[in-house]
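Chemist: Structure below; questions to follow.
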Amino acid sequence: MKKIAIYGKGGIGKSTTVSNISAAMAAKGLIVMQIGCDPKADSTRNLTGGKNIPTVLNTLRENGDAELEDLVFKSTAGVLCVESGGPVPGVGCAGRGIITAFEKLEELDAYEIYKPDVVLYDVLGDVVCGGFSMPIRGGYADEVCIVTSGEMMSLYAASNIAHAVKSFGKRGYACLRGLILNAKNIENENELVDKAAAEIETSVLYRLPRHPLVQQAEAQGKTVVEAFPDSDMSVYYKELAELLLRGDERP
């Protein structure tokens, strides 16, 4: 089972990227589980027709307990979708919500029952507190990728995440695989991201161009891979998915 955590600043297009990777991997016949680790609980919307699925925390709050079928939902692309959710706004800790969700999935033997080939954790990267770092330090993920653009705050978040991963890496936890550029078409974007990658001693794994089909697919509540499977943008996502599965790099 390959376990990859994908981090990034909120609004950078991380969930869009992860969902398209999931759809591309599922299209290859793999069993893929995508776990959204964000209190907004919108990681899997493009896999589920634009609709939010029940979150682990809401289900536990409302019912007191849960079965796997209450927490794991299979998308039309065949991806197993889970949303950790978060606390009631203004009350509680979002990071703690992730920990609770992970513990519940383990308690219910989710990985043994579904036997996924790939688990993708979609993790908010604006902060790297105990809960949000759970995929890195809890043994849940083997590799970490960071989605970024050339924007200053996005690169700042990427640097923070990278330092957290490297700190935990010394203890035998997940390793940093590299950056994924999700282009915003700002001036000198490639050079800015290359410089940031060099500063945090990693590489740029892949460069996704800005493309109008991404917004068109999202308007349908779909991934590009599902909505426009023969498009050039779909090919980019499929190449990225293949790269992550193989374990090599594309400059």
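The values are calculated or read from the model by the stated rules, or taken from the named source; none is laboratory data. Please read all numbers here as calculations on a predicted model, not as lab measurements. Because the Cβ atoms are built from the backbone with ideal geometry, glycine has one as well, and the counts that use them run over all protein chains shown.
Chemist: Taking the stated definitions as given, is residue 40 modelled with pLDDT of 95 or more and of a type in the set (Lys, Arg)? Before you say what the answer is, go through the steps one by one.
Modeler: Numbers: modelled with pLDDT of 95 or more: no; of a type in the set (Lys, Arg): yes.
Answer is no for this residue.
Chemist: Out of (1) at pLDDT below 95; (2) more than 30 Å from residue 151 (Cα to Cα); (3) surrounded by 23 or more Cβ atoms within 10 Å (Cβ to Cβ), what's the single condition that is false for residue 92?
Modeler: Unmet condition: (3).
Chemist: Here's a check for you: in segment 129-163, which residue that is out of contact with any Ser or Thr (no Cβ under 8 Å at 6 or more places or on another chain) and hydroxyl-bearing (Ser, Thr, Tyr) is modelled with the lowest pLDDT?
Modeler: Selected residue: 133.
Yes/no matrix, rows are residues, columns are (1) buried (at least 24 other Cβ atoms within 10 Å of the Cβ); (2) in contact with a helix residue (DSSP H, G or I) (Cβ under 7 Å, 6 or more places away or on another chain):
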site	(1), (2)
102	no, yes
113	no, yes
135	yes, no
141	yes, yes
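Chemist: Considering only residues that are buried (at least 21 other Cβ atoms within 10 Å of the Cβ), more than 21 Å from residue 220 (Cβ to Cβ) and within 13 Å of the chain's Cα centre (by Cα), which ones fall in segment 5-57?
Modeler: Answer for segment 5-57, where residues must be buried (at least 21 other Cβ atoms within 10 Å of the Cβ), more than 21 Å from residue 220 (Cβ to Cβ) and within 13 Å of the chain's Cα centre (by Cα): 5, 6, 7, 8, 9, 12, 33, 35, 37, 38.
Chemist: Which one of these is charged (D, E, K, R) and at positive phi: 109, 42?
Modeler: 109
Chemist: Would you list the helices (runs of 4 or more DSSP H) that sit entirely within segment 146-251 and hold 1 or more residues that are of a type in the set (Asp, Glu) and crowded, with 20+ Cβ neighbours inside 10 Å?
Modeler: 224-227
Chemist: OK, next. If the Cβ limit is 6 Å and pairs must be 6+ apart or interchain, which residue in segment 94-123 that is closer than 16 Å to residue 142 by Cα pairs with which residue that is of a type in the set (Val, Ile, Thr)?
Modeler: So the pair list comes out as 116/31; 117/31; 118/32; 120/4; 120/18; 121/35; 122/6; 122/18.
Chemist: Give segment 27-41 a look and list any residue that's within 21 Å of residue 135 (Cβ to Cβ) and either in contact with a strand residue (DSSP E or B) (Cβ under 7 Å, 6 or more places away or on another chain) or not charged (D, E, K, R) (or both), or say none.
Modeler: 30, 31, 32, 33, 34, 35, 36, 37, 38, 39, 41
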